[in-house]
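**Student:** My questions will all concern the structure given below.
Read the figures in this text as sums done on the coordinates, not as results from a lab. Just so we're clear, the structure is a prediction, and the values are computed from it rather than from any experiment. So basically every Cβ, Gly included, is an ideal-geometry build from the backbone, and we count neighbours across all protein chains shown.
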Amino acid sequence: MSPRTHKSVTVRVPAKVNVQLAVGAARADGFHDLANVFLAVSLYDEVTVTPAETLTVTCSGPDADQVPLDRTNLAARAAEILAARNGRSDAVHLHIAKNIPVAGGMAGGSADGAGALLACDALWGLGTPRAQLLEICAELGSDVPFSLVGGAALGTGRGELLTPVEAGTFHWVFAVADGGLSTPAVFREFDRLAEGRSIPVPQAAPALLTALASGDADALAATLANDLQPAALSLRPQLAATLEAGTSAGALATLVSGSGPTTAFLVRDPESALKVAAALEASGTCRTTRTATSPAPGATVLPS
């Protein structure tokens, strides 16, 4: 066996929260135009890629039993696409160490796709240009490009066209719900609730971008917005109790993260985060909580 057979590459990749998610009307292709202000947060999955006889996926960590281990997994699809573009075998073992909530509106699956793409590129020594990696990310899904880039960005189109934005440091608590929510189902509910209404073209709010750049938590709290929140609450009404528990505990602002059902709570500092997290867990309205800061770096190859 060559030394290369034993080589592995591990990539750490962050979760995200949408501090603004403005949703336009459904397009002819079924997608929606978005103005999606992403923040990467310090909750991470790690994807380790090792040469193997065939493409396989394994997963460990919270809710690992909910992660698909076949070729529908975005990590597997990333390996397939990158291998096909380079005329090589996709025979690798992908192991996902899961810490991002599953089907929770925090782009955990997208993170794994971006992580696998970067890890396979490094393992195979391809040196794929960043622009081409982002093209593959967009092919994999709307949130995958941001998982690669991290930091803070405005996503337009269906969310895949990224413009970096400035962001100070913010502190968050995330409440993890029982079970997941299907993103397509939430968008369908958005369409149902919007029927007969005129939907404006989505645009990033200038006041929100100013608040982000300033690092002013009170200013950001006043501008957080998620157009998918009514749809998520319609499908999962009990999330309202979680949001109320966070408000009562002193969170500066609350919102459903992306398509949910994870809920996000903006707080002033680490001490407030611990207090709000404890109150949320004591309230019985969520399964568990996580604390995190933003912005966080995008997909990163870890030292071997």
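**Student:** Please turn the phi angles of segment 201-209 into ³J(HN,Hα) values with the Karplus equation 6.51 cos²θ - 1.76 cosθ + 1.60 (θ = phi - 60°), one per residue in order, whole Hz, x for glycine and proline.
**Tutor:** Result, ordered by residue: 5, x, 9, 5, 6, x, 5, 5, 5 Hz.
**Student:** Now a separate question. Label segment 97-228 by shape, choosing from rounded, prolate and oblate, from the square roots a ≥ b ≥ c of the eigenvalues of the Cα gyration tensor; if a/c is under 1.5 it is rounded, and otherwise prolate applies when a/b is larger than b/c, oblate when it is not.
**Tutor:** Working: a/c = 1.56, a/b = 1.32, b/c = 1.18.
Prolate.
**Student:** To test your reading of the geometry: what angle, between 0 and 90 degrees and rounded to tens, separates the Cα axis of helix 74-85 from the longest principal axis of the chain?
**Tutor:** Rounded to the nearest ten degrees, it is 40.
**Student:** Between the alpha-carbon centers of segment 182-222 and segment 35-61, tell me the distance in whole angstrom.
**Tutor:** Answer, in whole Å: 27.
**Student:** Mean separation of Cα pairs under 8 Å and 6+ residues apart, divided by the residue count of segment 3-165: what relative contact order is that in percent? Display every interim value, and only then the final one.
**Tutor:** Working: 365 pairs, mean separation 47.1, N = 163.
Normalised by residue count, the contact order of segment 3-165 is 29 percent.
**Student:** Which of the peptides 205-214, 21-30, 255-264, 96-105 is most tightly packed, and how do the rest follow, judged by the mean count of other Cβ atoms within 10 Å per residue? Provide the component values of the computation, followed by the final result.
**Tutor:** On the way: 205-214: 16.9, 21-30: 15.4, 255-264: 28.1, 96-105: 23.2.
So the peptides 205-214, 21-30, 255-264, 96-105, ranked by packing, come out 255-264, 96-105, 205-214, 21-30.
**Student:** Counting other C-beta atoms within 10 Å, which of Asp70, Asp45 has the fewest, and how do the rest follow? Please report the intermediate quantities before stating the final value.
**Tutor:** Working: Asp70 9, Asp45 27.
By the 10 Å Cβ count, ascending: Asp70, Asp45.
**Student:** Using the alpha-carbon atoms, what tilt in degrees (0 to 90, nearest 10) does helix 108-123 show relative to the longest principal axis of the chain?
**Tutor:** Roughly 30 degrees, rounded to the nearest 10.
**Student:** Next question, about the same structure. Over segment 170-294, what is the relative contact order in percent, taking alpha-carbon pairs closer than 8 angstrom and at least six residues apart? Could you put the intermediate results ahead of the total?
**Tutor:** Details: 207 pairs, mean separation 55.4, N = 125.
It comes to 44 percent, rounded to a whole number.
**Student:** Next up: How large are Rg and Dmax for segment 170-294 when calculated on the C-alpha trace, in angstrom?
**Tutor:** For segment 170-294, the Cα radius of gyration and maximum Cα-Cα distance read 14.9, 45 Å.
**Student:** For Lys16, go through the lysines and keep the ones whose alpha-carbon is under 24 Å away, minus same-chain ones fewer than eight residues off.
**Tutor:** Lys98, Lys275
**Student:** Also: Grab the Cα-Cα distance for Ala28 and Ser283, subtract it from 0.36 nm times how many residues apart they are, and report the gain in nm with one decimal. Could the numbers behind the result be given before it?
**Tutor:** Numbers: separation 255, 0.36 × 255 = 91.80 nm, distance 4.32 nm.
Stretched fully, the Ala28-Ser283 segment lengthens by 87.5 nm.
**Student:** Using only the alpha-carbon atoms, how far is helix 270-283 inclined from the longest principal axis of the chain? Give it as 0 to 90 degrees, nearest 10.
**Tutor:** 80 degrees
**Student:** By count of other Cβ within 10 Å, fewest leading, how are Val201, Val301 ordered? Please report the intermediate quantities before stating the final value.
**Tutor:** Details: Val201 9, Val301 15.
Starting with the residue having the fewest Cβ neighbours, the order is Val201, Val301.
**Student:** Sticking with this structure for a sec: Check which residues have an amide H placed less than 5 Å from His32's amide H, if you skip close sequence neighbours.
**Tutor:** Arg27
**Student:** Summing +1 for each Lys or Arg and -1 for each Asp or Glu, what net charge is found among the other residues whose Cβ lies under 11 Å from the Cβ of Phe146? Walk me through the intermediate numbers first.
**Tutor:** Numbers: positive: Lys16; negative: Asp143, Glu160.
Computed value for this residue: -1.
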